[in-house]
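Accompanying notes for the structure given below.
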Amino acid sequence: MNRLYDLPPHEVVAGVKNRHFSAEEYVSQIRERILKLDANINAFVNVNSDEAINVARKIDSKINAGEKVGALAGVAVGVKDNISTKGLRTTCASKILGNYVPPYDATVIRKLKEQDAIIIGKLNLDEFAMGSTTEFSKFGPTKNPWNLDYVTGGSSGGSAAAVAAAECTVSLGSDTGGSIRCPASFCSVAGFKPTYGLVSRFGLIAYSNSLEQIGPIARTVPGIISLMNVISGIDTNDDTTRKADAPYSQEITNSRLKIALIKDLTNGAQTEVSKCIYSAMDIFSSANCICDEVSLESLEYALASYYIIAMAEASSNLARYDNIRYGFDLDPDGYEWNSYYSKVRSNFGEEVKRRIIVGSYVLSSGYYGRYYLKAQKVRALLKQQFKALYSKYDVIISPTMPILPFKIGEKIDDPIKLYYVDVDTVVSNLTGMPAISIPAGFSHGLPIGLQIMADEFQEQKIFDAALHFEKSAKIQGRPAI
Ligand code: GLN
């Protein structure tokens, strides 16, 4: 039988609906693939394969009975383990949520299930989505399928690696400062952060509410669009949601795009990376797009502002983990309040603790104005400046990551070096604007990602540019594993 795990989502749906193969055959192949590869890759923290096979059988029987099935019928979706799945453990890769089983589905999960997608399992991440490598996980690091000695990027490293290795067809991640795009870039897959408010955050375990969005990861751009057409739109459980322009088109709607490359981000990158992004621009130019280079000085303040705001919100969000409403098995008998609380909270990993401490500091009286307020001002300024750019250009491009993937362990002891790798991605979270990372090439066998950004709710422009590039550049599909 064909390698069904290699098919993009729309071909899975067509194959299952037209009975070229059954959903059960396809899910069984995926299950075998996970069994074969995941001991080395460590993308999954929980494989839901028995339930997945049951759901697949139900979909097959509906089809055999001539009943209607949903737009994602049979598609195996992996889910980052900070998105709530009813009855399926959701840990945030943290000891503190080690036994947490959500009593409800996140809105995105409900929407996927309504369209007959199959949840194949939960995927590894940095603890509470704080990190850029997936090394800060209680389950250990996920390894890059292109070279197992290298990091996958993060924090949605499991979501990107599982798709890259064809252990699932598509996945969901969350992106607070780049956590979908960074691992998508390092694993050579497509990863999309929607406009703030386009996808419901109900059921996403919060890290930094004003910055984050759930978004899809797929091997190619049409897969991203298929998922966005299902997960986007208003949700009464999340008041920040807005109406979507979905369905987005899988066909290019405008091929003469006006594109600006951000010099500051591109020239600041490692040579191999910046060369690759300049060749991407050549590809756009020869495909009849109008290309320019622009500079934006205030970008140099983006990273510091991002980390101040993200940590401030994290310190408040994580205050709820006191082991009373949910947590692990620690009997309060024999403790008074302070000692119990410190004992419980010592279960956070080092990086999470660091962020709670810095976050509380920047919000504290006397420092609020110096750090938090200033960061919010930078955020407003960046938004204004990007709005001005989008009055002239359809999309803006840059590298997704300033450097190539690096070895596991190489930067783990140096938080500042790790924060620095987010320099190109955080701006879209600060401005709330959408951004995608798509494969752009390789250097020394390691992937390089192209970032394409647009104004709020202009997702189709990003998809047009990404489809355009994907067609013209023809980057190698997946690693030979
Ligand atoms: N690396 C960034 C951070 O650690 C982004 C994380 C994310 O997007 N969840 O905050």
If you go through TYR248, TYR335, TYR321, the only one that is under 30 Å from GLU135 (Cα atoms) and of a type in the set (Ser, Thr, Tyr) is TYR321
Filtering the stretch 315-343 down to residues that are of a type in the set (Ser, Thr, Tyr) and surrounded by 14 or more Cβ atoms within 10 Å (Cβ to Cβ) yields SER315, SER316, TYR321, TYR326, TYR335, TYR340, TYR341
Within the stretch 117-135, residues among the hydrophobic types (A, V, I, L, M, F, W, C) and near the ligand (Cβ under 9 Å from one of its atoms) come out as LEU125, PHE128, ALA129, MET130
Taking the stretch 179-202 and the residues there that are of a type in the set (Gly, Ala, Ser) and away from the ligand (no atom under 16 Å from the Cβ), the one that is nearest to ASN40 (Cα to Cα) would be SER188
VAL151 - would you say it is buried (at least 23 other Cβ atoms within 10 Å of the Cβ), farther than 24 Å from ALA304 by Cα and away from the ligand (no atom under 11 Å from the Cβ)? no
For the stretch 117-136, the count of residues that are under 30 Å from HIS10 (Cβ atoms) and polar (S, T, N, Q) equals 2
Those helices (runs of 4 or more DSSP H) completely within the stretch 391-481 that have 1 or more residues that are within 16 Å of the ligand (Cβ to nearest atom) and farther than 17 Å from ALA164 by Cα are 415-420, 426-431
Selection from the stretch 6-30 of residues in contact with a Ser or Thr (Cβ under 9 Å, 6 or more places away or on another chain), crowded, with 21+ Cβ neighbours inside 10 Å and over 17 Å from ARG478 (Cα atoms) yields VAL12, VAL13, VAL16, TYR26, VAL27
Screening ASP235, ASP239 for residues that are more than 11 Å from the ligand (Cβ to nearest atom) and free of Cβ contacts under 8 Å to residues at least 40 places away in the same chain leaves only ASP239
Going through (1) in contact with a helix residue (DSSP H, G or I) (Cβ under 7 Å, 6 or more places away or on another chain); (2) over 19 Å from GLU293 (Cα atoms); (3) buried (at least 24 other Cβ atoms within 10 Å of the Cβ) one by one, PRO439 fails only at (1)
Counting only residues in the stretch 155-178 that are assigned to a loop (DSSP other than H, G, I, E, B) and under 11 Å from LYS80 (Cα atoms), the one nearest to the ligand (Cβ to nearest atom) is identified as SER155
Review point. Would you call GLY215 within 16 Å of the ligand (Cβ to nearest atom), under 13 Å from the mean Cα position of the chain (by Cα) and farther than 18 Å from ALA117 by Cβ?
Key: no
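Read the figures in this text as sums done on the coordinates, not as results from a lab. Remember, predicted model here, so these are calculated numbers, not experimental data. All Cβ positions, glycine included, derive from the backbone under ideal geometry; neighbour counts span all protein chains shown.
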